[in-house]
1. Ignoring any ligand, DNA or RNA, what whole percent of the accessible area of chain B comes from carbon and sulfur when the probe is 1.4 angstrom?
2. Calculate for the protein assembly as shown the 222 nm mean residue ellipticity that helices alone would give, adding -39,500 (n - 2.57) per DSSP H run of length 4 or more and normalising by residue count, nearest 500 deg cm²/dmol.
3. Pull up all non-local amide H partners of residue A:164: gap of 5 or more, or a different chain, and H-to-H distance under 5 Å with H placed in the peptide plane.
4. Using the Kirkwood formula over every pair of different C-alpha atoms, what hydrodynamic radius in Å results for chain A?
5. Report the one residue of B:193, B:147, B:128 whose Cα lies farthest in the direction of the positive end of the charge dipole of chain B (charges on C-beta: Lys and Arg +1, Asp and Glu -1; origin at the Cα centre).
6. For segment A:99-245, state what percent of all Cα-Cα pairs lands in each successive 10 Å bin, counting from 0 Å until the bin that includes the largest distance.
7. In whole angstrom, how long is each semi-axis of the equivalent ellipsoid of the protein assembly as shown, when you take the square root of 5 times every eigenvalue of its Cα gyration tensor and sort them from largest down?
8. Going through segment A:100-204, which trypsin sites (Lys or Arg not before Pro) have at most 15 other Cβ atoms within 10 Å and a DSSP loop state?
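The values are calculated or read from the model by the stated rules, or taken from the named source; none is laboratory data. Here the structure is a predicted model, which is why all the values come from computation and not from measurement. Counting neighbours? That spans all protein chains shown, and the Cβs are built from the backbone with ideal geometry, glycine included. These accessible areas exclude ligands, DNA and RNA; they are computed on the full protein's heavy atoms, side chains included. Shrake-Rupley method; radii C 1.70, N 1.55, O 1.52, S 1.80 Å.
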Protein chains: 2
Amino acid sequence: MILVRPQMGENIGAAARAMLNFGLDALRIVAPRDGWPNPKAVAMASGAGRLLDQAMVRGSVAEATADLSFLLATTARARDLTKPVFTPRAAMAEARRRIARGEKVGILFGPERAGLENADLVAAQAIVSVPANPDFSSLNIAQCVLLLGYEWWLSADDTPGEALVLPDTRLAERGEVARFVGHLVDRLATHHFFWPEGKRPSMEENVVNLFSRAAWTEADIRTLYGIVRALSERPAAGGAGEARE
Amino acid sequence: MILVRPQMGENIGAAARAMLNFGLDALRIVAPRDGWPNPKAVAMASGAGRLLDQAMVRGSVAEATADLSFLLATTARARDLTKPVFTPRAAMAEARRRIARGEKVGILFGPERAGLENADLVAAQAIVSVPANPDFSSLNIAQCVLLLGYEWWLSADDTPGEALVLPDTRLAERGEVARFVGHLVDRLATHHFFWPEGKRPSMEENVVNLFSRAAWTEADIRTLYGIVRALSERPAAGGAGEARE
């Protein structure tokens, strides 16, 4: 990640944090406006201060990129340049492929106010452009680093899109659910829930359907039995109808 | 996007900007630490101040989410809760499906220091967790909003992963490339480039290969003809060997 002429130290620090969030640690900085080192960058980087200490700081993009074989440049604006334009996702997939075969890849990020200049863009092999609201597309340098870092991490991440976390339990089997619902229906009958009698079939279906939809766990079912028991024991329910397992 | 007990006004403003970057404008804020309105939020939001003016501000998560039918909660830590856990990408795909069928969807973002409390998490139907460096995974509230907003935008975005931008030109046809390379080889022969004669075939192949790899445009080919012409006309090349088209 190569920050080009960054203005605010806070943003350099935030960029370093964002890099470390996503497992990146090779930070390069070109001509920082307020000199280097920058105490505001250090304050903002907190846990990622090591990246600032180890950052390569150079006076020009040419010096900061001399050892790289593939150079990307981030810009929000489509320009009059003949260049491949990547999304962050495709760019990071490409970067990972190249790094896997031994290449050194860099990404240029432009300064806060104006972004990269055309002179920076033409030196890169390709452009990275973040898809965004065309009426309000400007991202600051640290946010742009965050998004590219995020896509870098995802390009090698296999977290499933949706997972059900089940600490110390398992999903209930349909038989367990059916037994609980049968128990509940019995309790409800004892407590004169199904009234008038003619509506009992549809009311019962309703209760079965209501408790059969959710993805209960075995622990949930135990809790539900406890809830039924506690409610059955309420003084208001009368002393006779108590249900104990 | 529902910011829960946010501490710093700057982060509220940055979150509003990030939302507008990605086409979101319904901001809700629960119990902001420094009261509301907050001038620091306004200063940071710049172009997205409208979102702050229109934000729903409430005292509790329950009040701020009462009208929603699907509630997600962001947290970096896996907890002892039985919940579906989504990646940002899968969560935003799910949110878009639900919104398309008329549901109202909200996402809770926790305060800077500690994130959402368990009491907030249990009220949500599902968790969103950003895949990140497990040793350094904490994102601030505005960064988290940025990443979710980005995935929201991408869930309806069809920007191709890689596109070649060709302003005012087209890719060169192989015949145009071959004609240029033939012209170049002729010029080089005139300038005694292929020496010794025995190596000419392999040197010629080398030149053809070098200029045949790149994805030249028709405009590039014209520029290349101009470069060959200019170099051929150099005083150093001698007056006799000039090549004019």
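1. After summing per-atom areas, the C and S share lands at 53 percent.
2. Values: 20 runs with 216 residues, N = 490.
Helix-only estimate at 222 nm: -13500 deg cm²/dmol.
3. B:85
4. On the way: mean 1/r = 0.0441 Å⁻¹.
After inverting the pairwise mean of 1/r, the radius is 22.7 Å.
5. B:128
6. With 10 Å bins starting at 0, P(r) equals 8, 22, 17, 9, 10, 15, 12, 6, 1.
7. Numbers: eigenvalues 745, 145, 76 Å².
Semi-axes (√(5λ), whole Å): 61, 27, 20.
8. Here the trypsin sites (Lys or Arg not before Pro) that fit, given the DSSP loop and packing criteria, are A:101, A:104, A:113, A:170.
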